[in-house]
Every structure is written in structure tokens, then in C-alpha cells.
Amino acid sequence: MFKARLKGDVLKEMIKVVSTLVDEVKLNITGEGITLKAVDPAHVAMVDLSLNKEAFEELEATDCELGVDIDKIKEVLSLAKAGDILDIDHDEEHNKLVVHIENITRHMSLVDTMGMSDPKMPQLNLPANIKLAAAELNQGIKASESISNHIALVANADGFELSSQGDTDSVSLKLRKDLLLHLECSEPVRSLFSLDYFANMIRSVPSSGVVTLAIGQDYPAMMTFEIAEGNGSVTYLLAPRIENE
Amino acid sequence: MFKARLKGDVLKEMIKVVSTLVDEVKLNITGEGITLKAVDPAHVAMVDLSLNKEAFEELEATDCELGVDIDKIKEVLSLAKAGDILDIDHDEEHNKLVVHIENITRHMSLVDTMGMSDPKMPQLNLPANIKLAAAELNQGIKASESISNHIALVANADGFELSSQGDTDSVSLKLRKDLLLHLECSEPVRSLFSLDYFANMIRSVPSSGVVTLAIGQDYPAMMTFEIAEGNGSVTYLLAPRIENE
Amino acid sequence: MFKARLKGDVLKEMIKVVSTLVDEVKLNITGEGITLKAVDPAHVAMVDLSLNKEAFEELEATDCELGVDIDKIKEVLSLAKAGDILDIDHDEEHNKLVVHIENITRHMSLVDTMGMSDPKMPQLNLPANIKLAAAELNQGIKASESISNHIALVANADGFELSSQGDTDSVSLKLRKDLLLHLECSEPVRSLFSLDYFANMIRSVPSSGVVTLAIGQDYPAMMTFEIAEGNGSVTYLLAPRIENE
């Protein structure tokens, strides 16, 4: 059984996070909220998202799994104006998700969850921890896009740097410790990532959001941030690229 | 003889209505205003539009017919800023339409009206009459667009419904009687229409406009609404599609 | 040696002017400012631009020439928010231009200036001089774009006219003397130009800018206007097209 009432904006934030990696996702639903874990088809990145009971206006559910098509949810969300509230329930008889916005009712077929994996987020011990406004990262990403398909994340005890190296040009965004919300770095580190993946992940952070980055030396990066006004959280894991030198 | 002075916004509303169905149109001009009737090339829909003398700032005309190319009028209208007034007259010697906006003068060739038909709007006795804000219909149309190329209009004594049925999903906008401006329905009815045609027609209603829909059982629909701040009126007729069952 | 500090908006105006004609340009730099001259690849138009010392927040330079790739400057400018200040210097050791915006640093390779010509702006004695708001010209250009690829500039002692003639339609923007900021015209003149070139040139005038046009009979046109809030100036020269009659 699943019956929920929530702000369209909360569902939008959630779907934006997931749609950077997958087209379909399995939602793990309980009376305490929704969680999901997904790996992108190329196995380069993973997402772990949870939405607490407090993120909902109302939530009534017994434990269940629902497979949803992200595009269909986006279609419904495109009908929601700012501030609209959605009612969602599971029609078990026909196995459809039923979404109500204002006077509109959409019946949506569900996706079979049989083939969907249950990825586990690895425990990583990453030497550098950086907390900063997503807006800063977005500036660095924008600067890198004309230079390369890759971006390096670099940290030491003094600050944090995003940099990209092209054939003839290069660009970097340097943030000294005092421009960061938090910096903890036990050793100088540098890892290279796909700019596309990194950009999509950072762009799914709610506007005016804050991101905590954990990075190492040629190691995966973890990004964590809040959604649903603090009533939900996201962790992305992104595999590094090998630097040619 | 034809010489008129009118708000660019009035001409824009008129051209938007006509351009949903045809590229060229014959204007029937008298000293009392302009009327036009047109059928789309696929013979699926018809429009009947009239613009009263009061819709013009000034109008001096003897009875005549002018064939105009809709795209050329659109080009001229793209030069008009909100509130601009247009002066239009017929240069009979060269058979051109001459349009003045501010300091710009455009001479426009006319289209031969010889081959253009004079369609007659049929008299239909339709059992359901629904009056509502175009904005409501637009929400229903938007919801249907991801589901199907067709939309059903359904009415009974309790309310009005727009619905679309896809292979796996369905959507409906239900408006109970109290959410409508007017409902008159002597028997339950349902007719199916091309979503494209219906959407274009409803989108040509001036913003914050009100539409009166007349529908029957597997029968053409009529849509009527005002333009030119009440100094003009439009009737669309749209043929139904057969439901496969 | 070259080290400058200037508003992003000033550099944007300069780049917009140059990019209408060329992809790469040689900047002639002195302690008094920057000048450049360029001819487009088709040899239809020329630009002569100068930016005085006063256009900069700071400028320290010894005489030098730098070849820059316009697209790369545009990429950097896309990172500048309104009001942002840029720091630019020449890293002579690696022959790179280094641009700083906020916390971002971009190293940009320079273009070899060896093959770049030093065009000379011819001295022309043009009988008609018209000064007017660029916005007026933009309206005339917009009106012409649906009619033809060419635009005629026409002047006599009474006024100035932009006109275009298509196969069936024509359009003109007529400005009587009292609608112009200045008109000096010793003999009636008319010259035809490529609409594309003319449109791009006029669109690179800063918004709310004023243009001085000098034209003759089947002769090149000169357009002059200010950039950098009066601390820079631009002269465009545009070759005429032959009228078929």
C-alpha cells in the first residue's frame, strides 16, 4: 500500500537527482519514507537518495517496491505550477501509479523491478573533505566546458581547486580555505573525472544548495547534499578517470 | 475601397485564429467590418470569424474581397510593439495591401481569391454546452500531449471531462459542474478529436479568454469565443475521429 | 608587456564589434590603449576600433601586438556576470593570455600575428551624413529581413530612408529630417548593401547607442559609433552591392 501527498517541488528535486544517472528506478517505500539506489548504465556513477517522512505532507505506506519510469514522472511534473501539491497512490489492482494534480488524474504503468539491482554504496575513507556552495562549483564547471571533457578536483590544506587542461588552453577555479564553508585535508590529493557526469550531478543540487565533496588521490569522489528542505539527502559516487601523462 | 486603422494586438488575435487552419484567406470587407470563413486543407476543421466596426480605430470601406497571405501579415505584425497602431489600405492600382507601422511602410502583394471557396458553417443541434476558461482546457491539453494524439471530450449533467488514453497510460481532466462557468447537458455525450487541431484552436483563444464548447455523441464540436475585447467573435468547427474499440 | 584591468562589459562590447567580421584579430597595444583594424574574409567590410586608456580600470603596457581568438574571449566573457571586472595579462614566457574573473583563471594560447594584415581605412568624401538612434535602424533592418537580402540606404535634404525590394513585396523605413539627430546631405544619394553585413554591424552598436552614417551614390558606407561609455570608438566600412535594373 502506498499513498502520499507531497509538494511538486520536492518530487522535482528528487527526480532531477535520479535522472542524471538512470531512466528507470526502483523506489523502496516504507511508512518512514522513500529510499532509492541506482547505478548508471556505464557503471561510472551511483546515487543513494532518501526522502524522510517529513518531506511529505502525508504518507501512508506498507513496505513495497515500485519501479517508475522517470520520463513519465517528468511529464506529470511539467503540469505542476510552483506550490502545487501532488497526490500519488498505487492502484494495486491494475498495478498503476495514480497521480493527481489539481483536477488532472494520470494513470501510469509501472516498471518491472525484477531485473533491477540493489547496488551497495561502498564505504570509502577519503582524505579530503570540502564543503562549499554549489554555485561556486557551477562556475568552475562552466569555465571548464570550453576546455576539456575532463575536470580535475584538487585539494590541499590551503584550499580547493577545479581545473581543466586542453591542448593549448587551461582553466582553473581556485578557492582558498577562507572561501570554503569547510576544509579538512590530511594530504594533498587530485583526481580526474568526466566533466559531463560531474556537471550533471552538481546541477541537480537544489539552487542555493551546499555540497560536501570527499575526494582522494586518483580515487572516486563522493558528493552529498540535502534535498526537500533538509528532509531528504543525496549521495553521489563518481568513479575517477585515469590521467594520461 | 478599404482603409483601416487598428491596434496591432487586434490584428494579432485575428491572424492567430486563422493561421491554425490556413496559410491564405479571403477577407470579406464591408463598411461594417471584416468577416472570413475558411476550411483547412484536410477538411477537418472550419473557422468563421467576424470583426465588427468597433474593433477598429477607424474603418472606411466599400464591399470588397481581399486575399491575404497569413505569413506576410505575421511578418508585419512582428514589427509592432505592444500598443502600436497599424494603418492598412488597399492600393487598387497595383493591387497591393499597404501597411504602415510607425515610420515603416510595407507593400504586400495580394492572393487571387478566385479559387477560394465560401464554406458554410453547418447548423448543428448539439446536446451539451460547456462554458469555461481557456486556461483549464490548456492544462488538459498539456496533460494529454504525452499520452496520445487524440483527446476525448466528455460531458454529462454533473460535469465535463477531457481525457486521453495511451497504450499503457491514461490521463483525464475532470471539472465538476461548480468549476465551470456554465453547463447544459441533456444527455451524456463523448466525442474523440485530433489533439493537434484541438490544441491549436484552444491556444488561439486570447489569454484569460473564455470558451463555449458545444459537443455531441461522436459528433463535431463547436468552439466559440470572443476576440478584439468583445468586438469580434470566432467559431471553430472540428470534425470527430472514430474511436477504435 | 601587457597588464590590464577592465569591466567585462567593455570587453564584451569590443568583441561584439569585431566578431561580426573576423574570428581572429591582432590587437595593437600601447600604454595609451588598444587599437585594431580588420577586414572580413570576403573583403566586403572593414572595422577600425580604438579603446582609450580611460576605458580601462588599469592599464600597464609597452608597445606590443597580440593575436587573439575571438571565440576564446567569448568563452571567458560568458563566465562574467554583469559588473564583473577582468584582469588580463600576457604571460610572455609561455606566450599565453591569462584572464582572471573572480576565482577563475584561464590560460589562452595566442594566435600568430605574422600572416595578419594591417588594413588602412580609406579616406572617403561622402556627401550625406546622418546621425540617428541605432534602434531606428534596427527596426528598418527587421522589416527588410522578410523581403530581401539587400537593403538600400537613401538620403536627400529632407530625410533618410532604408528600403528593401523583393519580387512582389517591398518595405521602407522613412525618417524625415526632424526624426533624425543630424542630417547633412549635399545631393540625393542611394547605395545598396548586403542586409546581413549591415544588420550585424548595426546590432553590434551598444544598446541605446547612436550611429553616424556617411553614404554616397553607389559608394561604400561608413558607420561610426562609441563604445565603452565614450572611451572607445568604432568605424565600420561596408562596400556597396551593384543594383540590377
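The values are calculated or read from the model by the stated rules, or taken from the named source; none is laboratory data. Keep in mind the model is a prediction, meaning the values are calculated, not measured. No Cβ is skipped: glycine too gets one built from the backbone with ideal geometry, and neighbour counts run over all protein chains shown. Surface accessibility is based on the protein's heavy atoms, side chains included, excluding ligands, DNA and RNA. Shrake-Rupley method; radii C 1.70, N 1.55, O 1.52, S 1.80 Å.
On the basis of being out of contact with any strand residue (DSSP E or B) (no Cβ under 9 Å at 6 or more places or on another chain) and more than 29 Å from residue A:202 (Cβ to Cβ), does residue A:93 make the cut? Quick ask: steps written out before the conclusion?
On the way: out of contact with any strand residue (DSSP E or B) (no Cβ under 9 Å at 6 or more places or on another chain): yes; more than 29 Å from residue A:202 (Cβ to Cβ): yes.
For residue A:93, the condition - out of contact with any strand residue (DSSP E or B) (no Cβ under 9 Å at 6 or more places or on another chain) and more than 29 Å from residue A:202 (Cβ to Cβ) - is met.
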_Meets criteria (assigned by TED's automatic domain parsing to the domain that holds residue C:25, buried (at least 16 other Cβ atoms within 10 Å of the Cβ) and in contact (Cβ under 8 Å) with a residue 60 or more places away in the chain) for residue C:72_ = no
*Among the listed residues C:214, C:221, C:199, which satisfies the condition of being surrounded by 19 or more Cβ atoms within 10 Å (Cβ to Cβ), closer than 16 Å to residue C:136 by Cβ and in contact with a strand residue (DSSP E or B) (Cβ under 6 Å, 6 or more places away or on another chain)?*
C:221
*Please go through region A:33-56 and pick out each residue that is part of a strand (DSSP E or B) and over 14 Å from the mean Cα position of the chain (by Cα).*
A:33, A:34, A:52
*Looking at (1) surrounded by 18 or more Cβ atoms within 10 Å (Cβ to Cβ); (2) under 23 Å from residue A:35 (Cα atoms), which is the one condition that is false for residue A:124?*
(1)
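Return the total of residues in region A:69-103 being under 26 Å from residue A:120 (Cα atoms) and either modelled with pLDDT under 95 or away from chain B (no Cβ under 12 Å) (or both).
Matching residues across region A:69-103 total 1.
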*Do you know which of the residues in region A:160-184 that are more than 12 Å from chain C (Cβ to nearest Cβ) and touching a Gly at 6+ places or on another chain (Cβ under 9 Å) is surrounded by the fewest Cβ atoms within 10 Å (Cβ to Cβ)?*
A:177
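Looking only at region A:104-135, filter to residues that are facing chain B (nearest Cβ under 10 Å) and hydroxyl-bearing (Ser, Thr, Tyr); which one of those is nearest to residue A:217 (Cα to Cα)? Give the derivation first.
Our first condition is that a residue be facing chain B (nearest Cβ under 10 Å); within region A:104-135, this holds for A:104-110.
If we keep only those that are hydroxyl-bearing (Ser, Thr, Tyr) as well, we get A:105, A:109.
Details: A:105: 50, A:109: 44 Å.
Checking each candidate, the answer is A:109.
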*Within region A:125-168, can you find the residues that are basic (Lys, Arg) and touching a residue at least 60 places away in the same chain (Cβ under 8 Å)?*
A:131
*Restricting the search to region B:89-124, which residues are in contact (Cβ under 8 Å) with a residue 40 or more places away in the chain, under 16 Å from residue B:61 (Cα atoms) and in contact with a helix residue (DSSP H, G or I) (Cβ under 8 Å, 6 or more places away or on another chain)?*
none
*How many residues does region C:33-49 contain that are surrounded by fewer than 20 Cβ atoms within 10 Å (Cβ to Cβ) and at negative phi?*
8
*So residue B:59 clears everything in (1) under 18 Å from residue B:115 (Cα atoms); (2) in contact (Cβ under 8 Å) with a residue 40 or more places away in the chain; (3) over 14 Å from the mean Cα position of the chain (by Cα) except one condition, right? Which one?*
(1)
_I'm told residue C:79 meets every condition in (1) touching a Leu at 6+ places or on another chain (Cβ under 8 Å); (2) open to solvent by less than 30 Å² (accessible area, probe 1.4 Å) except one. Can you identify the failing condition by its number?_
(1)
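Here is a yes/no grid of residues against (1) under 26 Å from residue A:183 (Cβ atoms); (2) open to solvent by 60 Å² or more (accessible area, probe 1.4 Å); (3) of a type outside the set (Gly, Ala, Ser):
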{"residue": "A:59", "(1), (2), (3)": "no, no, yes"}
{"residue": "A:109", "(1), (2), (3)": "no, no, no"}
{"residue": "A:132", "(1), (2), (3)": "yes, no, yes"}
{"residue": "A:145", "(1), (2), (3)": "yes, yes, yes"}
*Restricting attention to region A:5-32, report how many residues are touching a residue at least 40 places away in the same chain (Cβ under 8 Å) and either assigned to a strand (DSSP E or B) or open to solvent by 30 Å² or more (accessible area, probe 1.4 Å) (or both).*
14
